[in-house]
Amino acid sequence: MSAVVTGGSKNTLTTPDISTARSVRCETTLGTGREDSFVSTGGLRKGSIMQQKKTKFMSTPSVMSLMHSEPDQSKIPINKAPTYQLGPHKEKVYRHLEVKKLVETVLSTTLDDITYEHERCKDITLNLTEHILSGVKRLPMDRYKYVCTVVIGQKLGQDVQTASRCAWEEQNDSYTSVKYENKTLFAVATVYGMYAV
């Protein structure tokens, strides 16, 4: 907080001193023979009606006490100790066959009696993705992040190819892709499992 107040032939600069947490007052008189006093609060003259009961120096809160205040101990997050584990345990690896069975059952139970309708496919795709992800998360594979994509299209005798690229660790990360067809539509569901170090 600093304030420069000019009045008549005298300039006053008031700044807080960090080490003492009090206002330091600098005055300069330009040869008028009289000394006017100003304080940092609005440039009021000492002795005016507004300033009669105020002291000569204004105290400010210590900058040091504001910077080094103790944080609330109840809000500090407790971090778990790092495990330094760079790969999954042998019994917790990505289970390709279990994921494939799960995706096949979700696709077949949901899409068996459905005919292709453009407006409904968006909702069906979202529901399939949610069901597949919730089922995969229940499998015993710790510290994996999952991404699931489902593509539904109308079956008119055309060829369809889907492709994807991923940057991952070949030892720990994997994917499962399942294709489903009925009389009017086709669906391709892909689940990616990335190990989170």
Surrounding charge for PRO140, neighbours by C-beta under 15 angstrom, Lys/Arg +1, Asp/Glu -1, total +4
Once amide hydrogens are built 1.01 Å from N within the peptide plane, the residues lying 5 or more places from LYS155 or on another chain with amide H under 5 Å from its amide H are LEU185, PHE186
About its Cα centre, region 114-197 carries a charge dipole, from +1 on Lys and Arg Cβ atoms and -1 on Asp and Glu Cβ atoms, whose size in debye to the nearest 20 is 120
Of the residues LEU111, LEU86, VAL191, the Cα lying farthest along the dipole of region 76-197 towards its positive end, which is defined by charges on the beta carbon of Lys, Arg, Asp and Glu, belongs to LEU86
With the label point 7 Å along the Cα-to-beta-carbon line of LEU139 and a cut-off under 12 Å to each amide N, the hits in region 163-197 are 174-178, 190-194
Per the C-alpha gyration tensor (a ≥ b ≥ c, the square roots of its eigenvalues), region 100-197 is rounded if a/c is under 1.5, else prolate if a/b beats b/c, else oblate; here it's prolate
For region 128-139, in residue order, the Karplus 3J(HN,Hα) values (coefficients 6.51, -1.76, 1.60; θ = phi - 60°; whole Hz; Gly and Pro = x) are 4, 4, 5, 5, 5, 5, 5, x, 5, 5, 7, 6
Of the listed links LYS90/LYS179; LYS101/LYS137; LYS122/LYS145; LYS100/LYS122, those spanning more than 26 angstrom between alpha carbons are LYS90/LYS179
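Values in this text are rule-based calculations from the coordinates and carry no lab data. Source: prediction; values computed, not measured. Positions of Cβ are backbone-derived with ideal geometry, glycine not excepted, and every protein chain shown enters the neighbour counts.
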